[in-house]
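First the structure, in the form of structure tokens, and then the observations on it.
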Amino acid sequence: MRIYLPISIVILLAASTTGAAERDERYLNKAEKAATNQREHIRAEIKNLKDHDWAGEYYAGDGLGVNTSLAIAPGTGYVFEWHGCVGLYDRNYGAVTKTNNRIRLSFTFENNRKGFQGIAPELIPVSWGERSYLIPADDIAGFCNNVNGGREPRMHAHGSYLLRRGDEKKEVTGFPNVPDEFRAYLLAKPIEATILAVGAYTTRPSVIDERDTPVTLDAGTNKGVRVGMEFVVTEPQLVVQSVRITKVEADRAEGIMTQFGEKERGPESGWRLSTQAPWNVGSRNKR
């Protein structure tokens with residue numbers, strides 16, 4: 001989940017979510033009391049478990065329209081809430097089961113992962129030194145992109161992925177312990193690339209239309225590029241955009257640059273990109 005959006009989009013989406021809230025039981029006092037009660041039992045279980053691998057209270061968000069919290073323990077279950085600029089956007093709670101290193105959530109209310117709502121139904125515990133993350137099972141590559149880009153390990157509470165509260169204060173070394181099939185997504189050195197060609201963009205209707213532009217890069221599997229990797233624009237320097245890779249060949253790759261609205265610049269042939277954002281190079285990861 002990419003959580004950093006223009007504030008105008010945050011406000012519009014928040015207003016839409018608030019309207020839906022008036023018709024949904026998850027926002028009623030009965031649900032609030034049930035969530036509070038379950039959270040208290042979860043905290044008691046966490047206290048008894050002490051140093052459990054993944055039980056705990058987690059947070060991900062930007063401090064504005066996205067503030068997601070998850071309290072979770074193996075016996076008691078979980079409570080998930082999403083708060084934003086205008087209040088509570090989403091709430092859910094239920095039991096949890098763990099199989100093959102995947103934590104599956106059961107839902108009391110419909111889980112709709114759209115807009116400012118929803119949580120991944122399956123989470124994978126990822127340790128990084130003494131840190132504990134819970135990563136959506138369908139977005140491990142996205143977490144690796146955050147590591148490559150310098151957004152993780154974060155030094156503050158705000159971030160795109162659920163991190164156990166307080167763990168942002170813990171320093172780490174090396175790489176996080178992601179599933180084996182994603183180890184190659186973690187890069188010891190950033191991959192650099194140049195846009196060779198730009199295709200015709202398409203738009204997707206939304207509160208503010210999203211514009212998807214296909215691009216071709218001059219780097220492929222020979223340089224370690226993989227489907228799902230993210231490259232950020234480094235030149236021109238004032239362009240803050242990224243490309244998500246969709247297809248890879250030996251010496252080139254294809255990807256999509258997504259932008260909001262019709263007025264944003266680019267992309268253009270000759271733009272330089274990297275898997276590491278130049279504004280995120282000061283992390284506390286001592287590799």
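None of the figures in this text is laboratory data; all of them are computed from the coordinates on show. In this text the structure is predicted, and so the values were computed from the model without any measurement. All Cβ positions, even for glycine, are placed from backbone atoms using ideal geometry, and neighbour counts span all protein chains on display.
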Have a look at T246, T194, T202 and tell me which one the Gaussian network model of the chain (Cα, springs below 10 Å) gives the largest fluctuation. T202
As a test of the formula, what do you get for the chain when each DSSP H run with n ≥ 4 contributes -39,500 (n - 2.57) and the sum is divided by the residue count, at 222 nm and rounded to the nearest 500 deg cm²/dmol? -5500 deg cm²/dmol
Among rounded, prolate and oblate, which fits the chain when a ≥ b ≥ c are the square roots of the eigenvalues of its C-alpha gyration tensor, a/c under 1.5 means rounded, and a/b larger than b/c means prolate? oblate
Gyration tensor (alpha-carbon) shape descriptor, region 147-214, a/c threshold 1.5: oblate
Spatial separation of Cα centroids for region 142-181 and region 64-123, in angstrom: 19
Pop a pseudo-label 7 angstrom from the Cα along the beta-carbon direction at both I256 and A157 and give the gap in nm to one decimal. 3.4
Proximal aspartates and glutamates relative to K263, as straight alpha-carbon distance under 18 Å, when same-chain residues fewer than 8 apart are discounted: D209, E210, D212
Identify all lysines with a Cα-Cα distance to K170 below 27 Å; exclude those on the same chain that are fewer than 8 residues away in sequence. K47, K50, K98, K189, K286
Two pseudo-spin positions, 7 Å from Cα along C-beta at A188 and at E210, lie apart in nanometres by 3.6
For a quick check: with amide H placed at 1.01 Å from N, whose amide H comes under 5 Å from V172's, ignoring anything fewer than 5 positions away on the same chain? K286
Set of lysines with alpha-carbon distance to K247 below 20 Å, sequence-local pairs under 8 removed: K223
With the label point 7 Å along the Cα-to-beta-carbon line of R102 and a cut-off under 20 Å to each amide N, the hits in region 46-67 are 54-55
Over the chain, with a Gaussian network built from C-alpha contacts below 10 Å, which listed residue (N101, N145, N111) shows the highest mean-square fluctuation? N101
Taking 0.36 nm per residue of separation between K30 and E122 and subtracting their Cα-Cα distance, the length gained on full extension comes to 30.5 nm
Would you mind estimating how fast region 22-162 diffuses translationally, via Stokes-Einstein at 37 °C and 0.692 mPa s with the Kirkwood radius over Cα pairs, in µm²/s? 210
Take the chain, connect every pair of alpha-carbon atoms lying under 10 Å apart with a spring to form a Gaussian network, then pick out the residue of P190, P121, P179 with the largest mean-square fluctuation. P179
Under a no-solvent Debye model with one identical scatterer per Cα of region 192-279, what's log10 I(q)/I(0) at q = 0.16, 0.17 Å⁻¹? -0.57, -0.64
Spin-label zone in region 163-200 - amide nitrogen under 20 Å from a point set 7 Å from the Cα of Q237 along the C-beta vector: 192-195
Step through the residues of region 236-249 one at a time and calculate ³J(HN,Hα) from phi using the Karplus curve (6.51 cos²θ - 1.76 cosθ + 1.60, θ = phi - 60°), rounding each to whole Hz and writing x for Gly and Pro. x, 6, 8, 9, 10, 9, 9, 10, 9, 6, 10, 8, 10, 10
FRET efficiency, K170 to L64 (Cβ-Cβ, R0 41 Å, nearest 0.05): 0.95
Going by amide H atoms built from the backbone, whose H comes under 5 Å of the H on M229, apart from near neighbours? I245
Can you give the extra length, in nm with one decimal, that the chain gains between R272 and E249 once fully stretched, where that is 0.36 nm per residue apart less the Cα-Cα distance? 6.4 nm
